[in-house]
Amino acid sequence: MASSSSSSSSYSTEEDELICQVVKTTVSFLRDQNRPQAPLFRQPRIRDRKTANETLIRHYFSPNPTYGEDSFKTRFRMIRRLFTRLANDFLEHFEYFQQRDDARGKPGFMATQKITAALRQLAYGVGSDMLDEYLQMAKKTGRDALNHFCRGVISLYKGRYLRRPTMYDI
């Protein structure tokens, strides 16, 4: 068996240098990983809920919306009239969907934003972190909205729509 310094070695000098560089990089990386690091402090993300709600209203719910009924149906997987009915029912029966002040004393999300968040997650199968840019909603708030929406749908509509089929239905 030939040694690595022998001319009959299966590795070339160029390959040896590349492997040496990989080893050095790996050791350096591991050394950096073991160093105590100063804790990272994130700047809190300031979300503009009011502007996000105004944009949502302008796009879909104003008397002359930017996106028409076809776009609404495509994006929400329902007609606007059904969304409005859901929003009214949820506002009437569930405190969560009523706008309240947050811990800072700032107005919270409107029902349209919370229901839109839940429906987008259900319609597109996306995670709640996908709601940040358009709705200006944190991941946890999006998850909460989805949870409250699903429980609300069951609570409000199970008697009529989640019942056992009757002989007439069959």
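The values are calculated or read from the model by the stated rules, or taken from the named source; none is laboratory data. Quick caveat, the model's predicted, so the values are computed rather than measured. Heads up, the Cβs are rebuilt from the backbone with ideal geometry, glycines too, and the neighbour counts pull from every protein chain shown.
So is Tyr67 of a type in the set (Phe, Trp, Tyr) and not in a loop (DSSP other than H, G, I, E, B) or not? Working first, answer last.
On the way: of a type in the set (Phe, Trp, Tyr): yes; not in a loop (DSSP other than H, G, I, E, B): no.
For Tyr67, the condition - of a type in the set (Phe, Trp, Tyr) and not in a loop (DSSP other than H, G, I, E, B) - is not met.
For (1) on the phi > 0 side of the Ramachandran plot; (2) among the β-branched types (Val, Ile, Thr); (3) surrounded by fewer than 15 Cβ atoms within 10 Å (Cβ to Cβ), each residue gets a yes or a no:
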site: Asn64; (1), (2), (3): no, no, yes
site: Leu86; (1), (2), (3): no, no, no
site: Gly105; (1), (2), (3): yes, no, yes
site: Ala111; (1), (2), (3): no, no, no
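When residues in region 83-115 are screened for being out of contact with any helix residue (DSSP H, G or I) (no Cβ under 9 Å at 6 or more places or on another chain) and under 14 Å from Phe61 (Cα atoms), 1 of them pass. In region 112-125, is there at least one residue being under 25 Å from Ile154 (Cα atoms) and touching a residue at least 60 places away in the same chain (Cβ under 8 Å)? Checked region 112-125: at least one residue is under 25 Å from Ile154 (Cα atoms) and touching a residue at least 60 places away in the same chain (Cβ under 8 Å).
I need the helices (runs of 4 or more DSSP H) fully contained in region 100-170, keeping only those with at least 2 residues that are modelled with pLDDT of 85 or more and either in contact with a Leu (Cβ under 8 Å, 6 or more places away or on another chain) or not charged (D, E, K, R) (or both). Before the answer, list the steps.
Working: elements: 111-124, 132-135, 139-161.
Qualifying helices (runs of 4 or more DSSP H): 111-124, 139-161.
Of the residues making up region 117-153, those that are loosely packed, with under 12 Cβ neighbours inside 10 Å and either under 22 Å from Glu95 (Cβ atoms) or among the hydroxyl-bearing types (Ser, Thr, Tyr) (or both) are Tyr124, Lys140.
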